[in-house]
1. Would you please name the GluC sites (Glu not before Pro) within the range A:159-266 that are DSSP coil residues with at most 16 other C-beta atoms within 10 Å of their C-beta?
2. How high is the relative contact order of chain B? Use alpha-carbon pairs under 8 Å, at least six apart in sequence, and give a whole percent.
3. Go from 0 up to the bin containing the longest alpha carbon distance in the range A:284-639, width 10 Å each, and give me the % of pairs per bin.
4. Can you work out ³J(HN,Hα) from phi for every residue in the range B:175-187, in order, using Karplus 6.51 cos²θ - 1.76 cosθ + 1.60 and θ = phi - 60°, giving whole Hz and x for Gly and Pro?
5. Amide H to amide H, which residues 5 or more places from A:Arg241 or on other chains are under 5 Å from it, using H placed in the peptide plane?
6. Could you list B:Ile166, A:Ile336 in order of exposure, starting from the residue whose Cβ has the fewest other Cβ atoms within 10 Å?
7. Does the range A:256-351 come out rounded, prolate or oblate, given a ≥ b ≥ c as the square roots of the eigenvalues of its C-alpha gyration tensor, rounded meaning a/c under 1.5 and, failing that, prolate meaning a/b above b/c?
8. Find, to one decimal place in angstroms, the Kirkwood hydrodynamic radius of the range A:71-188, where the mean of 1/r is taken over every pair of different Cα atoms and then inverted.
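Every number here is computed from the coordinates shown, using simple stated rules; none is lab data. Since this is a predicted model, take the numbers as computed values, not measurements. Counting neighbours? That spans all protein chains shown, and the Cβs are built from the backbone with ideal geometry, glycine included.
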Amino acid sequence: MAQTKEPERYEGVERRLQVVGVCLFALFGLLCFQLWQLQVVQRNRFEEESRENSQGLTRLKSSRGVIHGRGGVVLADNRASTEVAFVPGECPKARIPEVCARLQELIGIKADALMAKVESVAKAPYTQLTVKTDVSKSEHITIEEHAFELPGVVAVSSPQRRYLFGQTGGQILGYLSEINPEELQDWQGYYMMDLVGRSGVERVYEQPLHGQDGYAMVTKYASGAAQLRTDRRGVPFVATRDSLGHSLQEEGGRREPVAGNPLYLTLDIGLQAKCEQLLAGERGAIVVLEAETGGVLALASAPGYDPNVFVNRGRSESRSELTTSEKMRNRAIQEIYPPGSVFKIAMAVAGLEEGFINENTRYFCGGTFTLPAGGRSFKCHSKWGHGSTGVIEALAYSCDVFFYNNGVKLDIDRISKWSHLMGMGDKTGIDLPSETPGIVPSREWKAKHFEGKPEWERRWYTGETVSVSIGQGGLSTTPLQNAVLMACIVNGGYRVRPYLNAEADPERSERLFSEKTCKIVTEGLRMCVAKTEGNPQGTGRQAHIEGMTVIGKTGTAQVVGNKFQDKYKSEEDIPYEMRDHAWFVAGVLDREPKIAMCILVEHGLHGGSTACPMAKEVIEYFYANDPKRQEQPAATPAAVAKAETP
Amino acid sequence: MALTTTSFDVHDTTLRAFNIRNLKRIDWLMPILVLCLAAIGWATLYSASNTSNPLFFKRQILFFCAGLFVALIIICVDYRLFVSLAPLMYAVVVLMLVGVLFAGEERKGSERWLNLGLFSVQPSEFSKLALIYMLAWYLGGLGNRIRKLHWFLLTFVIAGIPMVLILKQPNLGTALTLAPVVVIMLFAAGCRVWHMAALLIAAISIVPFVWFEMKGFEPSPPEYVAANYYGKLKIRDALREQHEANRKPYDLHWHQKMRIYGYLHPESDKKESGWQTYQSMIAVGSGGLSGKGFLNSTQTRLKYLPEYHTDFIFSLLAEERGFIGAAMVIALFTAFLLRGLSFALDCPDMTGTLLAVGVVTILGFHVFINMGITVGLLPVTGIPLPFLSYGGSFYSTTMVCVGILMNIPMRRKMFVY
């Protein structure tokens, strides 16, 4: 065997190994230094982070505040909606198909679909799979009865909004829908998928109605979601396993949810139902106000919708169809119409207050009115004229010529001023969303409206003043504004702010006009309705109620000019969209509470024949059934349903 | 080292591979340290597996027993036998590394395993030991000739072949662990300092390259931050595909850039690349001075820490045992490594010295890198912690290393015969 020489050994190896040793020491020293930094110097910060990591809040949803109507009637509350859920992880694997099949037999779900769902959460077997939402009581009981055959099947209940009167008052109450990203950003205490008010008082009073969510503090894993269940009384608790099967425990610090504040409305649901019943089949609106305060007793708009449609997330087709339909529009506050002769009330007040007319002023009505300068003539609605007419007769018989004269004297800017004072052309301030201000024309308005057009188009003409004097010619108001106008007369000259929240303080303006003016106008309006011995009778006679002082003013607002209507022989031949709007505003003076109301029937032809009888029924119903005056129990959904079916 | 070397034939050792008398010279401090570390490892793993799978703990004990068996064999057989077989081992490992590139199966993204029918092996794990043996054989045989540049450079050719093959897998972590082994073994073997300095400067010059590569790398554009979970996944996928499509051969891969990015911005994007580092820092930091107590960790129990059985087990230990426990483990490792280094110092045989230095380096490097990652000093790369991390292959590698180390002082008296 060849002897190979051991190679020369490097002399400095000892030194170099020492260097390696020192390096090793230095590196491990660095580790210790960093450990010290993290564990001792920055300890508090990391402890905080660790705590934040390890404890999660599971939200316990609050239930929405209950909405009451006049007399404490519950209009919207929350019922327990039961959802049947299946937790695959709590069921032995082999039995899952059997359980699915059994569920199909018992509550009629599709076993295949459920099996597919089970497959899809194979990685998170403790996810609560929704089997059926909002099951009926009998189905719920069936599930509980067969509990031993259905391992892993649980019933979870949650509060769900219920509008007890269905479509009645639906537009006022509004509906709920999922919160949108902007709201989520701006509002405190809201989370994804929360339901928030979308219209009506649900929207205006969203914050007080919403309540305060509670929470349960549970262990929080890096992944996996805590599952919320409820016991038999609907009290929520966190399931012992999260979706991935980690075992959880509540770590104390639970805060119970606080339900939303109840909301009390001035709305008389019985009256509302009556109004909606009267409007059935028509397009229109009925507004009934407490004249002294402005409390809204009824605010019906037809056609309407049932907000319960929006409660279930499931039926989305009918929902999307509804959201784009005209049923969503509240005609009482969102649509504008020329007020027609109803505006003569404001004209009379303006004329009397500005001193252009008094109780003795008389104009001759021969059926037409000719402008002094231009020679253009305007017709009165009575072909043969009313003869010599004072302000009281003019209001009672709705003489146009009297108000043409009055209007020309007043001039448009004074008319505009008084209209605004009495609540037209501005939002009334009712606590409902999306109110329309309407239009009261004036010189300024016209110049602004036709900005950029030639001067002759922007100028105001006296002829236009004549049209405005009888509530036509660009004048556009909402039915609610007309009700406020009527309330002004009924309460003796105060403009009220209509409101729905009974706990709000009523607001009213300074007295707008003198008692004398009020007396004169009231007399005119009383004559309009009253059955007088002599001929002719007032235009609103069909609203007359024996033994009650009802005042009122009819209105017939033209949608198109006379020449279009004159083509047709009789009123029935006029196409629907060309027919006049029928108005009637009314007030009751000698009952408590005094009410002021406005009825509008779109294309209803005549205020006197279409709207007046409705007013009579509304007034009679209200004083016979006012829930605040009566000892009898308040309206119930069943009773209202009965009243609605003829 | 005043020992006079008698003539010694490396190839002669085959006859005296096993000598029962050598066992009398066994070093007793080393096994005690090993047992201490192993016991701490079991306790930590018990805690880790307590909330996940108790099998981890039981298996780890089995791995230790298997490793102990292998270590005992290594202790009994003269290390020079293995050193003489180094070229063969090296060749086999290189062949396996080539094979794994073509027929390997991927596990956990980047590690490649070779299926040998009965069992799967991870050739990159073997390459660590094979390279140490190979370098010990090469440098030990070379002696002072290492001061010549070409011999010096040849070392890098030897080390470079497996490293490039491992990088190809791609397994950056393992390839990186081989680098310090080469450097330290060369240094101990007595290479010229300026050779080494030039090399290190060349290595440091990679930094501007990396900086250049990372310039303009932005995995979290505004639309990404604004997107929801699934949107995020989509945007990241699109960005990655775009990056990989435009990548030139010398460019870094997307996932490598992501790791560097995560290291540079550990808190900027807590849920993403820096997530692991940051969660590990929370775990370590929240442990405080004395820790949360045995089985009381929250960061790991609630699965905020990924891989807490393996790469992040030190975070668990630091969380439950606090600074005191963690520093104690560091002290134990330091003692263990320094003891190994002292064997190298005392060994009269250059091959043995180099072998010991290589083994100490690779274990020390694992310990430092792993702990450095868990305390947020270094970017995340999958490197296990000896004795503590769960895993059969690496545990046996570790025990083989222990066997090699203990074998070295046992032989030293041989020369005085």
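1. Loop-located and lightly packed - A:Glu251.
2. Details: 551 pairs, mean separation 109.5, N = 417.
Relative contact order comes out at 26 percent.
3. Over the range A:284-639, the share of Cα pairs per 10 Å bin runs 5, 24, 34, 23, 9, 3, 0 percent.
4. Working through the residues one at a time gives 4, 5, 5, 6, 4, x, 4, 4, 4, 5, 5, 4, 4 Hz.
5. Amide H neighbours of A:Arg241, under 5 Å, 5+ apart: A:Leu248.
6. Going from least to most buried by this count: A:Ile336, B:Ile166.
7. It is oblate, given that a/c is not under 1.5 and a/b is not larger than b/c.
8. 16.7
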